[in-house]
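First up is the structure itself, then whatever we jot down about it.
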Amino acid sequence: MTNIDAFLNPPARLGPYTVGPRIGGGGMAAIHLGVSVLDASSDVVAIKIMRAEISRNPQYIAMFRDEAAILSRMRHPNIVRTLEYGIAGEHSYIAMELLLGRTLAEVWDAARAHDFPLPARLVAWIGARAAAALHYAHELRDEKGKPLHVVHRDANPANVVLTYEGEVKLIDFGLAKAARRFARTEDGVVKGKVPYLAPEQILEEEADHRSDIFTLGASLWEMITGQRLFKRDTDVDTIRAIRDGHIPKLSEAAPWCGPELVSIVMRCLEMDRSKRWQNAGELEVALDTLFGRDDAREAAVVANMLERLFPGERAAREAWRSSGSVPH
């Protein structure tokens with residue numbers, strides 16, 4: 001069996017989990033359904049399995065181990081819950097709670113296609129929940145109470161999941177920077193999705209928690225306007241746009257947006273990070289205060305929006321939980 005075959009056809013079992021069908025993933029890892037063989041009544045989980053052909057690379061192994069170590073310490077309602085991490089032969093894996101829903105990036109694309117603008121109140125609520133997750137991660141401490149200085153570095157819409165229950169979940173800390181992490185960024189390697197990088201990341205300066213605030217601000221700008229902020233035809237042009245601070249005024253790109261929300265978002269996007277919100281908790285409070293926090297109301301709006309944009313999909317994916325397999 002070749003390495004790519006091993007990636008497409010993983011072992012039937014990893015640790016205490018039987019491995020089911022693949023449901024997602026990217027270039028570094030695949031996501032499969034999994035069921036515990038130790039507890040027949042346990043929920044179906046998502047298992048992130050590293051590609052076999054890169055498992056021999058110490059840098060990638062360290063990155064994967066970093067993500068697991070960071071996530072295993074996190075217990076927050078807006079962060080995907082990690083259940084277990086392990087290595088079985090040539091396969092490294094992370095078992096996580098199964099999130100049924102769509103990424104914010106997918107919702108944004110579908111909303112544009114259906115000419116369905118995202119309400120400013122909903123954008124603020126989603127942004128506040130993502131900010132709450134980031135603030136928790138930024139403030140995370142080790143067992144001795146020492147700050148871990150976690151920075152997500154890729155908190156873009158593709159890494160925010162909206163569930164069918166109306167939850168907001170931050171995922172994928174694979175690029176996160178934390179004190180004492182095993183992996184080390186190689187010189188000249190920029191981490192993160194290019195259109196959402198903070199200026200300091202473009203300039204290869206040290207990223208900190210305020211870099212995540214810039215990324216979230218770019219995401220909020222796009223959700224409100226229905227337009228891309230920095231993305232250009234090429235990565236080089238995109239990097240130049242970020243470096244040069246080409247940020248159209250939100251009040252002009254979305255004149256229906258109130259001045260208070262404009263001020264909150266544009267403060268996230270300050271080129272000088274000392275002028276941004278100095279922690280994500282402040283941003284969370286500002287967004288919640290603007291419209292008044294109502295989790296039940298907004299969760300229902302999210303659930304209804306997903307049903308409208310992706311009709312019939314919820315029932316099909318809910319079947320994963322009961323059967324542990326992808327329905328055909």
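General remarks:
- Rg and Dmax of the chain, both derived from C-alpha coordinates alone, stand at 19.8, 60 Å.
- Mean Cβ neighbour count within 10 Å, used as a protection proxy, ranking 218-224, 297-303, 26-32 highest first: 218-224, 297-303, 26-32
- Our summary gives segment 3-98 a relative contact order of 25 percent, counting only alpha carbon pairs under 8 angstrom and 6 or more residues apart.
- Counting only DSSP beta bridges whose two residues both lie in the chain, roughly 95 percent are antiparallel.
- By the Stokes-Einstein formula, at 0.890 mPa s and 25 °C, segment 3-98 with its Kirkwood radius over alpha-carbon pairs has D equal to 183 µm²/s.
- Taking amide H as placed 1.01 Å from N in the peptide plane, Gly25 has its amide H under 5 Å from the amide H of Ile31, each at least 5 places away in sequence or on another chain.
- Under 5 Å, built H, 5+ apart or other chain: amide partners of Tyr17: Val37
- Electrostatic bookkeeping for Pro16 treats Lys and Arg as +1 and Asp and Glu as -1; over the other residues with beta carbon under 15 Å from its beta carbon, the sum is -2.
- The number of Lys pairs in the chain with C-alpha atoms less than 22 Å apart, excluding pairs fewer than 8 positions apart on the same chain, is 15.
- Extents of segment 218-328, largest first, come to 51, 39, 27 Å (Cα atoms, principal axes, whole angstrom).
- Taking the charge dipole of segment 13-136 about its Cα centre, with +1 at Lys and Arg Cβ atoms and -1 at Asp and Glu Cβ atoms, the residue from Tyr17, Trp108, Asn57 reaching farthest to the positive side is Trp108.
- Secondary-structure-derived ellipticity at 222 nm for the chain, considering helices only, amounts to -12000 deg cm²/dmol, per-run term -39500 (n - 2.57) for DSSP H runs with n ≥ 4.
- For the chain, the relative contact order comes to 18 percent (Cα pairs under 8 Å, sequence separation of at least 6).
- Taking a sphere under 10 Å around the Cβ of Arg129 and counting the other residues whose Cβ falls inside, with K and R at +1 and D and E at -1, yields a net charge of -3.
- The charge dipole of the chain, taken about its Cα centre with unit charges on the Cβ atoms of Lys, Arg (+1), Asp and Glu (-1) only, comes to about 300 debye.
- Residue (of Ala95, Ile79, Leu170) at the positive-pole extreme of the chain, dipole from beta-carbon charges: Ala95
- Neighbour-count ranking [beta-carbon atoms within 10 angstrom, fewest first] of Val44, Val123: Val44, Val123
Read-outs: derived from the displayed coordinates by stated rules, not from any lab. The structure presented is a predicted model; accordingly, all values stated were derived computationally and were not measured. Virtual Cβ from ideal backbone geometry, glycine too; neighbours counted across all protein chains shown.
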